[in-house]
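Colleague: Take this structure, written in structure tokens, and hold onto it; I'll ask about it next.
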Amino acid sequence: MLKQVLHKFFSALMAVLVLFSTVSFTVEKHFCGDVLIDSAVFTEAQKCKMEAFEIEQSKITKKHCCKDELEVVEGQDQLKQSQFEDISFDQQVFIVSYLYSYSNSLEQLPELIIPHKDYSPPNLIADIQVLDEVFLI
């Protein structure tokens with residue numbers, strides 16, 4: 001029972017690990033000057049209230065104080081899928097011999113023969129220890 005639960009738990013854990021290692025996402029940050037106004041992971045970062053005013057001012061002065069930064073966290077896009085034939089011959093021999101010896105150690109024990117399985121003890125009419133007055137101390 002415990003073995004099955006642990007197996008399912010570790011299988012789910014490995015599936016989640018593969019999922020999160022292959023997911024890509026973008027972190028968007030909006031700065032007004034040197035101050036971080038907003039950062040967002042799956043949505044667009046909110047602009048500051050000065051953005052409209054800055055656009056008008058940048059037309060005049062050609063200088064813009066608000067800036068957006070994008071950080072792209074890329075996941076793994078290629079997963080290595082190994083085949084049994086890709087490993088060396090010595091490693092193949094080791095794996096096969098290990099599995100063979102391990103499987104032989106798990107053989108079932110022979111069924112034990114119990115000679116007195118069908119024997120029923122005789123019915124006691126009287127307690128012999130009380131009759132003989134012999135008691136174990």
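Colleague: Kindly indicate the residue of region 65-77 that is at pLDDT 75 or above and not aliphatic (A, V, I, L, M) and also farthest from L17 (Cα to Cα) among those meeting that condition.
Modeller: Keep residues of region 65-77 that are at pLDDT 75 or above, which gives 66-76.
This time we only want the ones that are not aliphatic (A, V, I, L, M), so: 66-69, 71, 74-76.
Values: C66: 38, K67: 35, D68: 31, E69: 28, E71: 22, E74: 15, G75: 12, Q76: 12 Å.
Selected residue: C66.
Colleague: Now, a different point. Can you give me the number of residues within region 85-116 that are in a loop (DSSP other than H, G, I, E, B) and loosely packed, with under 10 Cβ neighbours inside 10 Å?
Modeller: Of the residues in region 85-116, 12 are in a loop (DSSP other than H, G, I, E, B) and loosely packed, with under 10 Cβ neighbours inside 10 Å.
Colleague: Considering region 21-34 alone, what residues qualify as being surrounded by 10 or more Cβ atoms within 10 Å (Cβ to Cβ) and not polar (S, T, N, Q)?
Modeller: V23, F25, V27, E28, K29, H30, F31, C32, G33
Colleague: Output the number of the condition that I37 fails; it satisfies all remaining conditions of (1) surrounded by 10 or more Cβ atoms within 10 Å (Cβ to Cβ); (2) at pLDDT below 80; (3) within 30 Å of T22 (Cα to Cα); (4) of a type outside the set (D, E, K, R).
Modeller: For I37, the exception is condition (2).
Colleague: Output yes when any residue across region 50-64 is at pLDDT 85 or above and either in a loop (DSSP other than H, G, I, E, B) or not polar (S, T, N, Q) (or both), and no when none is.
Modeller: no
Colleague: Looking at region 31-50, I want the residues that are closer than 18 Å to C65 by Cβ and have a partner that is among the hydroxyl-bearing types (S, T, Y) and in a strand (DSSP E or B) with Cβ atoms under 7 Å, at least 6 apart or on another chain. Which pairs are those?
Modeller: Short answer, once both residue conditions are applied: A45/S39.
Colleague: Something else now. Return the residues of region 117-137 that are part of a loop (DSSP other than H, G, I, E, B) and either surrounded by 10 or more Cβ atoms within 10 Å (Cβ to Cβ) or over 55 Å from the mean Cα position of the chain (by Cα) (or both); say none if nothing qualifies.
Modeller: P121, P122, N123, L124, I125, A126, D127, E133, V134, F135, L136, I137
The values are calculated or read from the model by the stated rules, or taken from the named source; none is laboratory data. Predicted model, so just to flag it, every value in this text is computed and none were measured. Glycine gets a Cβ as well: all are built from the backbone with ideal geometry, and neighbour counts include every protein chain shown.
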